[in-house]
Amino acid sequence: MANSLNHEMMNEHQHGHDGHHDQEELRQFGFWIFLMTDVILFSVLFATYIVLSGSTNGGPGTELFELNGIIISTFVLLTSSFTSGLAVLAMHQGKKNALINWLIVTALLGATFITLEVTEFMTLVHEGATIGTSAFWSAFFTLVGTHGLHVSIGLVWMVALMFQIKKYGINPVTIRKVNIVSLYWHFLDVVWIFVFTIVYLMGVM
Amino acid sequence: MLESIKKFASEFFVTGDPLIYGAMVSIGFTMIALVATLTYFKKWGWLWREWITTVDHKRIGIMYVIAALLMLFRGGVDALLMRTQLALPNMEFLTPEHYNQIFTTHGVIMILFMAMPLMFGLFNLVVPLQIGARDVAFPFLNSLSFWLFLMGAMLFNLSFVIGGSPDAGWLAYPPLSEKVFSPSVGQDFYNWGIQISGIGSLMTGINFIVTILKMRAPGMKLMKMPMFVWSVLASSVTIIFAFPILTVTLALLMLDRTFGAHFFTLDGGGNPMMYINLIWMWGHPEVYIVILPAFGIFSEIVSTFSKKKLFGYKSMVFALMTISITSFFTWAHHFFTMGTDANVIAFFAVTTMIIAIPTGVKVFNWLFTMFRGRITFQTPMLWTLGFIPCFVVGGLTGVMLSVAPADFQFHNSYFLIAHFHQVLIGGVAFGFFAGLYYWWPKVFGFTLNEKLGKWAFWTWNIGFYVCFMPQYFLGLDGMTRRTSTFGWDKGWYELNLTSTIGGFMMGLGFIFQVWQIAHSVRFMQKDTTGDPWNGRTLEWSIPSPAPEYNFAVIPQADEQDAWWEEKKRRAEGIVTVTEQPIEPIHMPGKSGIPFIKSVCWFVTGFGFIWGWYWMAIPGLIGIAACMLIHSFTYDNEYYIPAETVKHTEATLRGTM
Ligand code: HEM
Ligand SMILES: [Cu+2]
C-alpha cells in the first residue's frame, strides 16, 4: 500500500519537474531572490549617500534640487507602475492586444521618466555639479543614476517582450516574463520612493 | 611614430624584470602549444561542443576545479617567491615594489580565484546528485557564472604581463588604491577582474539556493538533507547578502579612479574609512562563505568513514545557520586599532567570540561521530583528521585576536598571518582537498592512488606546521606583515628560514598530488560499483561517472542517509521501491551565449581599464545583444529517449 503510494507520488513529482509550469515557477522564485540582492545593492548605495550627504566640500549642495520637476517625474513613474499592473491584468484575461498596449503605455511613461532625469542631470552639470565636484555629488549621481540605469534596462526588456508576445502570444513563458518585468517595475517604483524621500525631500528640508 | 609605439609598448607590457620576461615567454609557449595541440588533433569542435557550450553541471564543476587548481599553482608560486625573499635577512630576490605586487595578487588569487571556484566546483559536482535532481535550477545561468568567473580571473592574471599587477593589498584599501597613489592600471585590473567574477559568484549563490529549496527528490525534507547540502545553502545565503556589498564597493572605487568621483579620496570630502567598513562587511562573511562548505564536507566524510550517522544533526544545522548570520556582525574586528568608540569595539569583540561557540559544537559533533565508529583511514578521512587540530589551533588564535586590547599587539603582525593561513589552509584548502578526494571517483569514474595520496597528505601537513608555527613567534617578536626584508640584527632569521622550508614542503605536497592524478590516470582503476567508499547519500546510488541525466529514475529519499538505509534494507531482502519505468528525460540544450557574453565582458573590462572606449562600448553592446538573443530563444531543450537511457544505464552498470 505504502509502496504504491510512493510510486504515485514519484510519478507526480517527475511530471511536475518536467512540465513547463514548474519551470516557470522556479524562475520566478529565482527572480525574487535576485531582487533581494538588488535591495542590498541599493541599501549600500543609500548608506553611502547618507554618510556623504554633508560632504559638499564647500561646493554646491542640495540647493540645486528642483523639487517641482522631481514631483512630476515621481508622478510619471508611479503611473507607469499602475499601467504595468493593468498590463498583467489584461494578460490574465487573455487579452493579447490590451496587454501589448498597456506595456507600450508603461514603456512610454518610463521613457518620459528617463528623459526628465537626463534633463535634470544636464541642468545640474550646467550649474557646476558633476560626479567629480564633491563626495556629495558623487554619491548623488551614483545612487540616482543606478536607479535610472535599472529603469532603462527595464525599458529595453519590456520592448523586447512586446515583440515576443506579438510573435508567441500568451503562453507560460511569456506569462512568466510579463510577471517578472512587472515585479521589477514595481520594485523600481518602491526604490524611487526612497530616493524621493531621502535624497530630494530630506535634501531640501 | 616609432617612438610613440615604443612608449606605448613599454607601458602596455611589463618590462624590466627577468621573472616577468620568463613568465611572458612561458605563457606564450603554453598558448602556442595549446593551440597547436588542439589544431593537430582537430579538437576545436570537440572543445566547443562538449565543454564551452555545455550546461551540464558536472562538466561545469570539472572546469571550475581545473581552473581552481591552476590558480592554486599560480598563487602557490607567488607564495614561494615571497617565502624565498624572506628566507634570509637582506635578500635581494624581489624588490619591495615587486613584493607588494606579489602579496596582493597572492591574496586575491587564493581567496577569489582559488578557494571560490574550487568551492563552486564542488557545489556543481555534488549538490544535484546529493538531492536527487537532474540538474541545477538554472543550467544556462550556471554556465554563465562559470565563464564570468574565468574571464574575470584571466583579466586579473593578465595584469602580470600587461600593464602591471595591483599592489595595494588584497583588499585594496584607499587612499593607497586611489589614482593618486596607484596611478598604474594594476588597480583597474583588480577592480574589473573581481567585479566580473563577482557577478558570476552572486548568480551561483542564487542558483544553488533555488536548486536546494525547490529541486530535492520527493521525501527529502529540509531536515533530511545531507549536511553538505545544508552547508552549501548556508554559504549561498551568505553569498547573496555579501556579494552585492562587494559589487557596490568596487564600483565606487572604480568611479573614483575612472571618473574622478570622491567616495574614498582624501580630497573632495571623500571618506576612505567608509571603504574599509564596506569591504569588511563583505570580507568577513566571505571567509565564512568558503569555510562553511568545508564543514559540510567534513561532516559527510566523518560519517561515511566512521560508518555512523552524523552525531547531532540538528545542532549542526543550527551551527551552520548561526555562523552564516553572525558573520555579518563582526566586520569591525578587522580594524580595532583604527580609532573607534570603545562600545563599538566591545560589541564587535563579543560577536566575534560568539562565533567560536557554534564552531566548537561542530568539532565536538565530529568527534562524537567518530567515537566508537569503525573508522577507516583512506585519504579523504586523513585530510579530515588533519584538519581538526589545525582548525582548533587556528580558531583559538582567532579568539585571541578578537580580544580587542590584545589585537593592538597582534594587529598586522605575522601572528595574524599565521592565524588566517591556519584557518584558510587547514580549514578551507584541506577541506576542499578532502572533498575532491572523496568525490573524485564519482566524478571521473576511477579511484586515485592511495599511496601517493598519503605522501601528499603528509608532506602538506608537516610542511604546513613547519611553515606557519614559527610565524606565531615571529609575530610576537614584532615582525609585521608585508615586510619585504629584514636585517640580521632582528634575530628573526632561524624562524624565517624554517618557515620558508615549510613553504617549499607544501609545494612538494602539491607536486605529489599532481603526480598522484597523473599516475592514477595512467594506471586507471575503474570504479565499477559507483559506491567505492560505501557511502550514505544519494550520489553513491548511481553509476560513476554519473550519466548526463544523473538519475534514470528520480529516487525517493524518505530518510536522512537515504542510500545507506536502502542498502541496509536490500541486504535484509526487503524491497520497498518497486521498479520504476524509465521515461524520456527532459534536458536543457547547449548554448554558446554564456561564453560569448563573458568574452564581451572581458573586452568591456579591458577597454575600460585602458580608457579605450572604442573597445569598451562595443563590448557593452555585445553583452546587451547576448541578453536579447537569449531572451528570444524559446525551446532550447530536448528529450533523451527512454531507450537511450536504458542503454546508458546498462553500459555504466556493467550489465551489458
Ligand atoms: C600554500 C601555502 C601558502 C604560503 C606559503 C603562503 C604564504 C604567504 C605569504 C608569505 C604572505 C605574505 C605575508 C606578508 O608579507 O604580509 C601571504 C599573504 C596572504 N595569503 Fe598566503 N600563503 C599560502 C596559502 C594561502 C592560501 C591557501 C590562502 C587563502 C585561501 C592565502 C591567503 C593569503 C592572504 C589573504 C594574504 C594577505 C595578502 C595581503 O597582505 O594583502 N594564502 N601568504
Ligand atoms: Cu573577520
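The values are calculated or read from the model by the stated rules, or taken from the named source; none is laboratory data. These figures come from a predicted structure and were not determined experimentally. We place every Cβ from the backbone using ideal geometry, glycine too, and count neighbours over all the protein chains shown. Just so you know, the surface numbers come from the protein's heavy atoms only, side chains and all, with ligands and any DNA or RNA stripped out. Shrake-Rupley method; radii C 1.70, N 1.55, O 1.52, S 1.80 Å.
A few points about this structure:
- Filter result for the condition that a residue is within 14 Å of ligand 2 (Cβ to nearest atom), surrounded by 18 or more Cβ atoms within 10 Å (Cβ to Cβ), in the same structural domain as B:Gly478 (by the TED database) and among the polar types (S, T, N, Q), over B:Thr330, B:Thr384, B:Thr379: B:Thr330
- Within segment B:482-500, tally of residues that are within 11 Å of ligand 1 (Cβ to nearest atom) and either open to solvent by 50 Å² or more (accessible area, probe 1.4 Å) or not assigned by the TED database to the domain that holds B:Asp167 (or both): 2
- Test set (1) touching a residue at least 60 places away in the same chain (Cβ under 8 Å); (2) away from ligand 2 (no atom under 16 Å from the Cβ) - B:Gly107 fails condition number: (2)
- Selection from segment B:421-453 of residues that are open to solvent by 30 Å² or more (accessible area, probe 1.4 Å), assigned to a helix (DSSP H, G or I) and away from ligand 2 (no atom under 16 Å from the Cβ): B:Phe444, B:Glu450, B:Lys451
- Residue that is modelled with the highest pLDDT, among those in segment B:133-167 that are in contact with a helix residue (DSSP H, G or I) (Cβ under 6 Å, 6 or more places away or on another chain), assigned to a loop (DSSP other than H, G, I, E, B) and among the small types (Gly, Ala, Ser): B:Ala137
- Every pair of residues 6+ apart whose Cβ atoms lie under 6 Å, when the first sits in segment B:158-173 and is farther than 19 Å from B:Phe263 by Cα and open to solvent by less than 40 Å² (accessible area, probe 1.4 Å) while the second is assigned to a loop (DSSP other than H, G, I, E, B) and more than 16 Å from ligand 1 (Cβ to nearest atom): B:Val161/B:Val14; B:Gly163/B:Val185; B:Gly164/B:Val14; B:Gly164/B:Ser184
- Positions within segment A:160-200 being within 14 Å of chain B (Cβ to nearest Cβ), touching a helix residue (DSSP H, G or I) at 6+ places or on another chain (Cβ under 9 Å), surrounded by fewer than 15 Cβ atoms within 10 Å (Cβ to Cβ) and not hydroxyl-bearing (Ser, Thr, Tyr), in sequence order: A:Lys166, A:Gly169, A:Asn171, A:Pro172
- Residues located in segment B:254-281, provided they are open to solvent by 40 Å² or more (accessible area, probe 1.4 Å) and either part of a helix (DSSP H, G or I) or more than 10 Å from chain A (Cβ to nearest Cβ) (or both): B:Thr258, B:Phe259, B:Leu266, B:Met273, B:Asn277, B:Met281
- Of the residues contained in segment B:215-227, one or more are found to be part of a helix (DSSP H, G or I) and surrounded by 24 or more Cβ atoms within 10 Å (Cβ to Cβ).
- B:Val210 open to solvent by less than 10 Å² (accessible area, probe 1.4 Å) and at the interface with chain A (Cβ under 9 Å from one of its Cβ atoms): yes
- Listed conditions (1) away from chain A (no Cβ under 14 Å); (2) buried (at least 24 other Cβ atoms within 10 Å of the Cβ); (3) away from ligand 2 (no atom under 16 Å from the Cβ) are all met by B:Pro128, apart from (1).
- Any chance B:Thr369 is under 21 Å from B:Trp540 (Cβ atoms), more than 15 Å from ligand 2 (Cβ to nearest atom) and open to solvent by less than 10 Å² (accessible area, probe 1.4 Å): yes
- Condition met for B:Met338 (among the aliphatic types (A, V, I, L, M), within 16 Å of ligand 2 (Cβ to nearest atom) and assigned by the TED database to the domain that holds B:Ser299): yes
- One residue alone among A:Gly154, A:Gly85, A:Gly148 is under 23 Å from the mean Cα position of the chain (by Cα), surrounded by fewer than 19 Cβ atoms within 10 Å (Cβ to Cβ) and assigned to a helix (DSSP H, G or I), and that residue is A:Gly85.
- Failed condition for B:Ser303, given (1) assigned to a helix (DSSP H, G or I); (2) of a type outside the set (Val, Ile, Thr); (3) out of contact with any Leu (no Cβ under 6 Å at 6 or more places or on another chain): (3)
- Residue match in segment B:6-13 (condition: more than 24 Å from B:Trp147 (Cα to Cα) and among the acidic types (Asp, Glu)): yes
- None of B:Ala418, B:Ala456 is within 16 Å of ligand 2 (Cβ to nearest atom), more than 14 Å from chain A (Cβ to nearest Cβ) and out of contact with any His (no Cβ under 8 Å at 6 or more places or on another chain) except B:Ala418.
- Subset of segment B:603-655 that is among the acidic types (Asp, Glu) and closer than 30 Å to B:Thr528 by Cβ - its residue that is modelled with the highest pLDDT: B:Glu643
- Residue, farthest from the other protein chains (Cβ to nearest Cβ), within segment A:108-141, restricted to residues that are crowded, with 23+ Cβ neighbours inside 10 Å and assigned to a helix (DSSP H, G or I): A:Phe113
- Only one of B:Leu81, B:Leu86 that is in contact (Cβ under 8 Å) with a residue 60 or more places away in the chain, open to solvent by less than 20 Å² (accessible area, probe 1.4 Å) and within 11 Å of ligand 1 (Cβ to nearest atom): B:Leu86
- Between B:Ser182, B:Ser231, B:Ser197, B:Ser143, the distinction of being touching a Phe, Trp or Tyr at 6+ places or on another chain (Cβ under 8 Å), away from ligand 2 (no atom under 16 Å from the Cβ), away from chain A (no Cβ under 14 Å) and closer than 20 Å to B:Phe608 by Cα belongs to B:Ser197 only.
- Restricting segment A:34-53 to residues that are among the polar types (S, T, N, Q) and either facing chain B (nearest Cβ under 7 Å) or part of a helix (DSSP H, G or I) (or both), the residue that is most open to solvent (accessible area, probe 1.4 Å) is A:Ser43.
- Scanning segment B:576-605 for residues being under 29 Å from the mean Cα position of the chain (by Cα) and open to solvent by 20 Å² or more (accessible area, probe 1.4 Å) gives a total of 11.
- Some residue of segment B:285-295 being more than 16 Å from ligand 1 (Cβ to nearest atom) and either surrounded by fewer than 20 Cβ atoms within 10 Å (Cβ to Cβ) or of a type outside the set (S, T, N, Q) (or both): no
- Options B:Tyr634, B:Tyr638: the member that is within 14 Å of another protein chain (Cβ to nearest Cβ) and in a loop (DSSP other than H, G, I, E, B): B:Tyr634
- Where B:His98 falls short, out of the listed (1) open to solvent by less than 30 Å² (accessible area, probe 1.4 Å); (2) modelled with pLDDT under 95; (3) touching a Ser or Thr at 6+ places or on another chain (Cβ under 7 Å): (3)
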